[in-house]
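Written out below as structure tokens is the structure these notes cover.
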Amino acid sequence: MAKLDNRERYARYKEDVEKRGKPFYPYAMFHDTVMSLVVVSVITALAAIWYFTSGEEPGDAGLLGPRYTEEADPGTTSFVPRPDWYFFFLFYLLRIFKWPESVILGTVGIPTILLILLFALPFIDRRRERRLVRRPVAVVAALLVIASMGILTWEGATAEEPSATAGSVLCEANDLDCEGNEELALGADVFAEAGCLSCHVYAGEGAQNIGAPELTTVGDLGRGEEYWVEWVRNPQAIRPGSPMPGFPNLTEEQLQAVAVFLEASTGGG
Amino acid sequence: MEALVLAPVNWLEERSGIVGAISYFLFRKVPRGTNWFHTLGSATLTAFIVQLVTGVVLAMYYVPDPDRAWDSINWITNELTLGWLVRGTHRWGASVFIILLFLHMGRVFLFGAYKYPRELNWLIGVAILLLAMLEGFTGYLLPWDQTAYWATVVGININATAPIAGPFIADFLRGGTEIGADTLSRFYAMHMLLVPGALIGLITLHLYLVIRLGVTPPPWGEDAEPDEPSPNGRPRGAREGLVDPKPRGNGGPAITTRSGVEE
């Protein structure tokens, strides 16, 4: 019955358009052409503003950001990743969930659910009604989606980048006696400066949920210093496919100090 | 003289039907209420065409090799005549394309244009949105600067957290265990062959369905096709004299069914 009703209404719509509609050309086509010209002009204007307010040097940003940053260097460790703006909402979603228990909700769970809802929309809302005043649920849902996407995008755009934290701060936060142990202090400094906190969390500092495990109590694993030296130098040699970048540029002394620092990190012990 | 112009047109029409198809497209009727909101779809198409044209030009100069990619981008931007314009247009056109996709989708949602019989076209539209975001993701790596590289590292790691398939997707995207030359050529191939090809196919299908099913009028005014019968019991459009308010002897099914429901 519902199907018949749909077909009947659609047939009436077709008849109505045929009788009272206006031809696409020239009426609708005029609107379309004007709008397309506006689109092309806006894009060109953005390109011009971007180019003429920025400089040739990498990272020399104008009103719309730099032309490019430095050439990619897998060896650097302090660069803070930032996706294009339309991924900011995902980017920020990751910060809301905590590694490792619930981060999968942010990376896979919520986006998948949203995607299924988006695909299923015409099968969830099967009413014929199109007037907004008679579709309160749809209107409220739309406003909520727009608001939450807007907030997440804004938060992602303005999110504080993990700032450089001094090694001594890490020691204090994790109850390590770095003042009385030179190697431990060096390890903490290397850990802080090499960019470990760009991915890892340590005693509440660092990037939440980029996907790397928290290291506050990593010493409890009891892996031993030699293991950490090798791991930090080249994680793929120990576990192929690990997403962690290696740090082959660190000296033996620095690697050893980081290993001592990691082994000592037993969370308040 | 007229024959001289018409002869090739007729020749073409007889063998392809293309002239009839174009004139059908141009002179088909759209609802009277069609307005500026309805231009968002064609505006999105325009942004996509801008991406295609500038993308082809960029492909002529860009080198998808980690040792030379950044230099070629630098050269296109700073040395090549009007190269900044082509790259800038491609770069900002991508954002405008995504914004227009969202606006168009919002319009379709608020107008209820995903309802019967246009459900399939909504599905195709969502697929287009996803592919457009994949274009954004794969294109972001190509300049091979720090921003590009590290954003891709994180992006691929996020993929890797998906259950079961995650690690395989991540390895596939990287073309190995590290982001390097294989990743770059993979992203390049996806960005300029696979995804645009799929997009062109889906957009063609999308437009075909728009023309076949017709434009949805705005959800206000008399074209809103209310769910409930109008309160005074008369069929919609009766006031305008469009629909005969009295059931006719040979009345169309629309009217007889309707009055049957109302009484």
> How large is ³J(HN,Hα) for each residue in the range B:44-52, as worked out from phi by the Karplus curve 6.51 cos²θ - 1.76 cosθ + 1.60 (θ = phi - 60°), to whole Hz, x for Gly and Pro?
Replying inline: 4, 4, 4, 4, 5, 5, 4, 5, 4
>> Show me, for the range A:112-123, the HN-Hα J-couplings you get by feeding each phi into the Karplus relation (A = 6.51, B = -1.76, C = 1.60, θ = phi - 60°), rounded to Hz, glycine and proline as x.
In response: 5, 4, 4, 5, 5, 4, 5, 5, 7, 3, x, 9
>> Using a loss threshold of 40 Å², tell me which positions in the range B:39-53 are less accessible in the complex than in their chain alone. Probe radius 1.4 Å, ligands and nucleic acids ignored.
In response: B:T39, B:T46
> Say R0 is 56 Å: what FRET efficiency, to the nearest 0.05, do A:T33 and A:I238 get from their beta-carbon distance?
Replying inline: 0.35
> Taking the mean number of other Cβ atoms within 10 Å as a proxy for protection, how do you rank B:142-155, B:33-46 from highest to lowest?
Replying inline: B:142-155, B:33-46
>> I'd like the Karplus ³J(HN,Hα) series for the range B:201-214: coefficients 6.51, -1.76, 1.60, θ = phi - 60°, whole numbers in Hz, and an x wherever there's a Gly or Pro.
In response: x, 5, 5, 4, 4, 4, 5, 4, 5, 4, 5, 5, 8, x
> Rolling a 1.4 angstrom probe over the protein heavy atoms, how many square angstrom per residue are accessible across the range B:34-216?
Replying inline: 40
> Any idea how far apart A:S148 and B:A127 come out in nm if each label point goes 7 Å out from Cα toward Cβ?
Replying inline: 2.7
>> Need one word for the range B:1-125: rounded, prolate or oblate. Basis is the Cα gyration tensor (sqrt eigenvalues a ≥ b ≥ c); a/c below 1.5 gives rounded, then a/b vs b/c decides.
In response: oblate
> By how many nm would the segment from B:I22 to B:A59 lengthen if fully extended, with 0.36 nm per residue of separation less the alpha-carbon distance?
Replying inline: 10.1 nm
>> Run the lone-cysteine check on the protein assembly as shown: no other Cys C-beta under 4.7 Å from the residue's C-beta.
In response: A:C196, A:C199
>> Let me make sure I get this right: for chain A, a, b and c are the square roots of the gyration tensor eigenvalues over alpha carbons, sorted descending. Under 1.5 in a/c it's rounded, otherwise prolate if a/b > b/c, else oblate. Which is it?
In response: prolate
>> Assuming 0.36 nm per residue, please report the length gained on full extension of the stretch A:R223 to A:R20 beyond their Cα-Cα distance.
In response: 65.2 nm
>> Quick check for you: which residues of the range A:225-259 have the amide N under 13 Å from the point 7 Å beyond the Cα of A:N181 toward its beta carbon?
In response: A:225, A:257-259
>> Give me the percent of accessible area attributable to carbon and sulfur for the protein assembly as shown, probe 1.4 angstrom.
In response: 65
> Rounded, prolate or oblate: which fits the range A:1-136, taking a ≥ b ≥ c as square roots of the Cα gyration tensor eigenvalues, rounded meaning a/c under 1.5, else prolate when a/b beats b/c?
Replying inline: oblate
> If A:K14, A:K19 are ordered by their accessible area, calculated over protein heavy atoms with a 1.4 Å probe, which sequence runs from highest to lowest?
Replying inline: A:K19, A:K14
>> Could you compute the net charge surrounding A:E252? Neighbours are other residues with a C-beta less than 13 Å from the C-beta of A:E252; K and R count +1, D and E count -1.
In response: -4
> Got a number for the accessible area of A:E56? Probe 1.4 Å, square angstrom, nearest 10.
Replying inline: 110
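The values are calculated or read from the model by the stated rules, or taken from the named source; none is laboratory data. Note that the structure is predicted; figures quoted are calculated from it, not measured. Because the Cβ atoms are built from the backbone with ideal geometry, glycine has one as well, and the counts that use them run over all protein chains shown. Side chains are part of the model used for accessible areas, which takes the heavy atoms of the whole protein and leaves out ligands, DNA and RNA. Shrake-Rupley method; radii C 1.70, N 1.55, O 1.52, S 1.80 Å.
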